[in-house]
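A.B. asks: Pasting a structure below so you can have a look.
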Amino acid sequence: MKTLPLGVEPVVVPRVIFNESKSLIGLSHSEVAEKLKEIGIPEKQCRMRAQQIWHWIYFRGAKSFEEMSNISKEMRTKLIENFEVGRPEIIEALISNDGTRKWLMKFADGQEVETVFIPEADRGTLCVSSQVGCTLTCKFCHTGTQRLVRNLTPAEIIMQLLVARDYLGEWPSPSEGRLVSTIVLMGMGEPLYNFENVKKAMHIIMDDNGINLSRRRITLSTSGVVPEIYRCGEEIGINLAISLHAVDDETRSKIMPINNKYPIDELLKACKNYAGLKNSRKITFEYILLKDVNDSDQDAHKLVKLIKDYQIPAKVNLIPFNPWPGSSYQRPSKTRIDKFSSIIFNQGISAPIRTTRGEDILAACGQLKSESQKKRKQKSQEK
Ligand code: SAH
Ligand code: SF4
């Protein structure tokens, strides 16, 4: 038997079959109906046909019109001539020793994006990207050193979930026991700087005629774009995670320049408002631990005080820093990290330490995309 290099899964034959201008993926029900009308399908049928197509794409995972057996052959031919429902080119499909998976996909304009799947005992989390690169320049983040190339379209955001479920064999959509049970917008990019596209993609993913993922199972992580936090609560209603990372404005502005625009007080007021909206749940505060920067006992106490002063129902997610080539920070010692966590925990707030997953396939926070590009460049130089 031929063995593949460790952690590498056979890659599907690269074929560019996702052409945004022809794709019906990423469109709302009424937009699909409108497209059908444009190709001459009788108007009174368009809504019903749009529903059928939608169900095939998002419930059954159809990748071609040929599969849509309850649509007449004649109409299918017309659809094939005009539209597509295929997938983008998959450049890499990797599996880590710990079961974490990563896909690198390439879109029609050559831009690439990474998606990570993290299986755990009680859930499977898909970490989705919202932009290629990021305009913000948080000092600890590798993505922040990349030049923003562009926002992802709704189709490209949704495509990450469709591709993951293709590979995991998760079609049709199961009602229970899903492999991809949770989505976190924690990949590359700042989702609130791509608000409209993220909103549209999330509404399609939540639609009960298709993927039907509950908004309680989706979390958006933001560095703190205050005005859009309010909009996110009102217009999307998914869970919110805040990359807080420091407890005073001086430190936060140093490591996260966005803090100069939206300082901690404004940010926490927006969080309090978010948590108070109907049906909202606890806010997650992400806190990266950087040695000698934000990891002291005083910092931990101040974090608890802030959460209590602003009366925010919250949990804290501690992320030990993941180093990358050229980064100027270090991960604190295990004892320091544990102490930080226990100070928060002892005051009644949950503060788990996020274990690093998928490091061997460069899938951990802050390791996305640029590394894969570099790796392939190296490979081609070796040839
Ligand atoms: N732009 C959004 C979404 C990205 S989420 C945001 O900043 O929230 C990615 C998470 O990983 C963020 O909490 C981010 O601060 C964190 N992160 C970035 N670089 C990291 C690194 N090198 N090590 C650990 N966590 C990192
Ligand atoms: Fe952008 Fe988030 Fe990285 Fe900051 S942490 S540079 S906002 S992706």
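A.B. asks: Say the cut-off is 28 Å between C-alpha atoms; which of Lys63/Lys282; Lys35/Lys73; Lys261/Lys339; Lys305/Lys339; Lys254/Lys302; Lys200/Lys254 go over it?
C.D. replies: Going by Cα-Cα distance, Lys63/Lys282; Lys261/Lys339; Lys200/Lys254 fall outside the 28 Å limit.
A.B. asks: I need the per residue convex hull volume for the chain, using only the alpha carbons, in cubic angstrom as a whole number.
C.D. replies: Here the figure is 161 Å³ per residue.
A.B. asks: A further question on this structure: Name the residue, out of Pro154, Pro257, Pro325, whose mean-square fluctuation peaks in a Gaussian network model built on the chain with Cα pairs under 10 Å.
C.D. replies: Comparing Pro154, Pro257, Pro325 in the GNM, the peak value goes to Pro325.
A.B. asks: With both partners inside the chain, how many of the DSSP beta bridges are antiparallel, as a percent to the nearest 5?
C.D. replies: For the chain, the DSSP antiparallel bridge percentage is about 45.
A.B. asks: Would you mind finding the longest exposed-site-free stretch of the chain, with exposed GluC sites (Glu not before Pro) meaning DSSP loop and at most 14 other Cβ atoms within 10 Å?
C.D. replies: Of all site-free stretches, the longest is 177-383.
A.B. asks: Further question: What is the helix-to-structure angle for 154-168, meaning the angle in degrees between its Cα long axis and the longest Cα principal axis of the chain, kept from 0 to 90 and rounded to the nearest 10?
C.D. replies: Roughly 90 degrees between the two axes.
A.B. asks: So how tilted is helix 226-235 from the main axis of the chain? Cα-based, degrees 0 to 90, rounded to 10.
C.D. replies: Helix 226-235 and the main axis of the chain meet at about 50 degrees.
A.B. asks: For region 95-104, in order, what is each residue's ³J(HN,Hα) by Karplus, 6.51 cos²θ - 1.76 cosθ + 1.60 with θ = phi - 60°, in whole Hz (x at glycine and Pro)?
C.D. replies: Each residue's phi maps through the Karplus curve to give 10, 7, 4, 8, x, 5, 10, 9, 10, 10 Hz.
A.B. asks: Mind checking the angle between helix 73-82 and the chain's longest principal axis? C-alpha axes, 0 to 90 degrees, to the nearest 10.
C.D. replies: Helix 73-82 sits at roughly 50 degrees to that axis.
A.B. asks: While we're looking at this one, here's another question. For region 29-82, what does the alpha-carbon gyration tensor say about shape, rounded, prolate or oblate, given a ≥ b ≥ c as the root eigenvalues, a/c under 1.5 as rounded, and a/b over b/c as prolate?
C.D. replies: Values: a/c = 1.77, a/b = 1.24, b/c = 1.43.
Verdict is oblate for region 29-82.
A.B. asks: Can you give the Rg to Rh ratio for region 131-198, taking only C-alpha atoms and Rh from Kirkwood?
C.D. replies: Values: Rg = 14.3 Å, Rh = 13.5 Å.
Radius of gyration over Kirkwood radius for region 131-198 works out to 1.06.
A.B. asks: Comparing Cys138, Cys232, Cys46, which has the greatest mean-square fluctuation in the GNM of the chain with Cα pairs linked when under 10 Å apart?
C.D. replies: Of the options given, Cys46 has the highest mean-square fluctuation.
None of the figures in this text is laboratory data; all of them are computed from the coordinates on show. In this text, all values refer to a predicted model and were calculated from it rather than measured experimentally. Counting neighbours? That spans all protein chains shown, and the Cβs are built from the backbone with ideal geometry, glycine included.
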